[in-house]
Amino acid sequence: MFHIVLVEPEIPPNTGNVIRLAANTGCTLHLIEPLGFSMDDKHMRRAGLDYHEYADLRRHADWASFLNSEKPDPQRMFALTTRGSRAAHGVAFAPGDWLVFGSETRGLAPELREQFAPAQRIRLPMREGQRSLNLSNAVAVSVFEAWRQNGFGGASADPSGAVQP
């Protein structure tokens, strides 16, 4: 499945929602510190309900530690940013891709964003004049687009055996 990377997330319920999303889609969730909250925060835990035990969650001390331990393929890493040069639905996602998101108030730091080739900086469509989507919503939209492109592999099937689109 896919890798979700949250760089320095700040709002506990957003991370809780993403934990639940990761558990339900089979994605691995990577949290890049510093986090703006404790992992024991009641709001974060409430948003994730009881899905924490079902999610593959990995914490990394910083971006360099993440790169060193996970060794992601740079060609399969995509920075989701309002400054993206191409739309997410125009990317041909593949299982194992890395979807990287910045913090809720700052997005990805310019020096980190610039590490991605322009073709790897992607955006979600929004109406003119709007700043950004909520982090957990942006993650969900991106993950489901990538998963849709790959036939929802691993999703539960209906009684007839067909995967529900």
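Since every read-out is calculated from the coordinates, none of them should be taken as a lab result. Quick caveat: nothing in here was measured; it's all calculated off a predicted structure. As a convention, Cβ positions derive from the backbone with ideal geometry for all residues, glycine included, and neighbour counts pool all protein chains shown.
Using 0.36 nm per residue, how much length does the chain from TYR54 to PHE152 gain when fully extended, once their Cα-Cα distance is taken away?
On the way: separation 98, 0.36 × 98 = 35.28 nm, distance 1.86 nm.
Answer, rounded to one decimal: 33.4 nm.
Which peptide among 11-18, 131-138, 22-29, 69-76 comes first, and what is the full order, when sorted by highest mean count of other Cβ atoms within 10 Å? If you can, show how the numbers build up before the last one.
Values: 11-18: 23.4, 131-138: 17.2, 22-29: 19.4, 69-76: 11.9.
In descending order of packing, they fall as 11-18, 22-29, 131-138, 69-76.
Could you work out how far apart the two model spin labels at GLU114 and GLU10 are, taking each label as a point 7 Å from the Cα in the direction of the beta carbon, and quote it in nm?
2.2 nm
Using modelled backbone amide H atoms (1.01 Å from N, in-plane), which distant-in-sequence or interchain residues come within less than 5 Å of ASP97's amide H?
When sequence neighbours closer than 5 places are left aside, the close amide H contacts are HIS3.
Gaussian network model of the chain, Cα springs within a sub-10 Å range: biggest mean-square fluctuation belongs to which of MET77, MET39, MET126?
Of the options given, MET126 has the highest mean-square fluctuation.
Could you tell me what percent of the DSSP beta bridges with both partners in the chain are antiparallel, to the nearest 5? Mind dumping the intermediate values first?
Working: 2 of 24 bridges.
Taking every DSSP beta bridge within the chain, about 10 percent pair in antiparallel fashion.
Please work out the FRET efficiency for the pair ARG86 and ASN134, using the Cβ-Cβ distance as r and a Förster radius of 22 Å; give the result to the nearest 0.05. Could you put the intermediate results ahead of the total?
Working: r = 22 Å, r/R0 = 0.99.
Efficiency for this residue pair is about 0.50.
State the extension gain, in nm to one decimal, for the chain segment bounded by GLU70 and ASP40, taking 0.36 nm per residue of separation less the distance between their alpha-carbons. Let's see the in-between values first.
Numbers: separation 30, 0.36 × 30 = 10.80 nm, distance 2.47 nm.
Separation in residues times 0.36 nm, less the Cα-Cα distance, equals 8.3 nm.
In whole Hz, what ³J(HN,Hα) sequence does segment 96-111 give by Karplus (6.51, -1.76, 1.60; θ = phi - 60°), x for Gly and Pro?
Residue by residue, segment 96-111 yields x, 5, 10, 10, 10, 10, x, 6, 5, 9, 10, x, 7, 4, x, 5 Hz.
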